[in-house]
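Everything on this sheet refers to the single structure shown next.
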Amino acid sequence: MVDGNSDEITPIATAMARPGRAVAVGYSPVAVTMQSSGATAYVVSSISGTVTPLAAASGRTGSPISVGLYSYPPAWLWPVRPPWSWTLTRARSR
């Protein structure tokens with residue numbers, strides 16, 4: 001389970017339905033994916049722009065992998081009107 005407010009993830013032992021000890025990862029974790037073997041989890045942290053490998057058996061993190069910083073859209077894009085809304089509005093006014 002990811003918690004962007006605490007910069008940690010909490011592993012869940014599904015066989016026992018119990019949470020494990022929280023593990024610190026990059027700033028603002030938002031998603032976790034597992035290797036098909038189940039040996040390694042990869043934690044995506046949006047603000048720090050990293051993916052942190054996590055050994056499932058030991059709960060130890062590897063070195064974060066930089067994937068680029070998240071950038072917020074510029075203020076001049078708000079509010080964004082999708083192109084289809086313009087088309088529908090124009091078609092109704094004819």
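Coordinate-derived values only; no laboratory data. Quantities reported herein were computed from a predicted structural model and do not represent experimental measurements. Positions of Cβ are backbone-derived with ideal geometry, glycine not excepted, and every protein chain shown enters the neighbour counts.
At a glance:
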| item | result |
| --- | --- |
| Point-to-point label distance, ALA22-SER46, nm (Cα→Cβ direction, 7 Å offset) | 1.9 nm |
| ³J(HN,Hα) computed for each position of the range 27-35 - Karplus, 6.51 cos²θ - 1.76 cosθ + 1.60, integer Hz, glycine/proline x | 5, 6, x, 10, 7, 9, 10, 10, 5 |
| Net lengthening on full extension, ALA56/LEU69 (0.36 nm per residue, minus Cα-Cα) | 2.1 nm |
